[in-house]
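Written below as structure tokens is the structure these notes are about.
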């Protein structure tokens, strides 16, 4: 997929800016530069994805159990977590914007974010909060894989590159799960990827016309 121009789409910068501002505020409070040392814990308490809120837990504010399907994706577990996710956002996001434009990209991103939260809610049982943009990012990867599958099928080309991408993502999750002693929200990644794959056919007219 060739890029039409060298400019980074504004929508990517907007998502980047929100995530960076939030993390810088929390990191500054961690080091005592402003606020209190409780800012990060308060942010996680009120913005993280807590499975218990879908059960019997009492929310901190009305509709917290609904809002957390979005707020979790703008919180990160430190600068390194943020840096890896933002680099991935620019790499994958630019490919997606090039294909479907910024408005449809944003729709895909938000729905994949929600799908990632749904995957975590359905498949995980941990009491700790889940944070990070990786659910939405795996949604972008799922969309790219779906389009590659459709394009190659229409052109009667080999599908191995698509299967290779899926295998690489699976391997990445296994490595990260091992490196993080099982503290990886792979359920979010899975939910985001599946959501992105499905939504890809809804937001790209070329995919629908090929499928029909």
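The values are calculated or read from the model by the stated rules, or taken from the named source; none is laboratory data. The structure displayed is predicted, hence computed values, not measured ones. All Cβ positions, even for glycine, are placed from backbone atoms using ideal geometry, and neighbour counts span all protein chains on display.
Quick grid of which residues meet (1) at pLDDT 95 or above; (2) surrounded by fewer than 24 Cβ atoms within 10 Å (Cβ to Cβ); (3) part of a loop (DSSP other than H, G, I, E, B):
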| site | (1), (2), (3) |
| --- | --- |
| 111 | yes, yes, no |
| 114 | yes, yes, no |
| 120 | yes, no, no |
| 137 | yes, no, no |
| 140 | yes, no, no |
| 144 | yes, yes, no |
| 151 | no, yes, no |
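Which one is surrounded by the fewest Cβ atoms within 10 Å (Cβ to Cβ) among residues in the stretch 80-91 that are closer than 13 Å to residue 15 by Cα and touching a residue at least 24 places away in the same chain (Cβ under 8 Å)? Within the stretch 80-91, the match that is surrounded by the fewest Cβ atoms within 10 Å (Cβ to Cβ) is 90. Once the stretch 162-212 is narrowed to residues that are modelled with pLDDT under 90 and assigned to a loop (DSSP other than H, G, I, E, B), the residue that is surrounded by the fewest Cβ atoms within 10 Å (Cβ to Cβ) is 212. How many of the residues in the stretch 71-97 are closer than 17 Å to residue 145 by Cβ and over 12 Å from the mean Cα position of the chain (by Cα)? So the answer is 5. Before we move on, is residue 159 exposed (fewer than 13 other Cβ atoms within 10 Å of the Cβ), farther than 16 Å from residue 50 by Cα, modelled with pLDDT under 95 and within 18 Å of the chain's Cα centre (by Cα)? In short, no. Only one of the numbered conditions (1) assigned to a helix (DSSP H, G or I); (2) closer than 27 Å to residue 146 by Cα is violated by residue 46, and that is (2). Of the residues making up the stretch 61-102, those that are more than 19 Å from residue 120 (Cβ to Cβ) and assigned to a loop (DSSP other than H, G, I, E, B) are 61, 62, 78.
Conditions (1) closer than 18 Å to residue 127 by Cβ; (2) in contact (Cβ under 8 Å) with a residue 40 or more places away in the chain, marked per residue:
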| position | (1), (2) |
| --- | --- |
| 20 | no, yes |
| 23 | no, yes |
| 39 | no, no |
| 50 | yes, yes |
| 58 | yes, no |
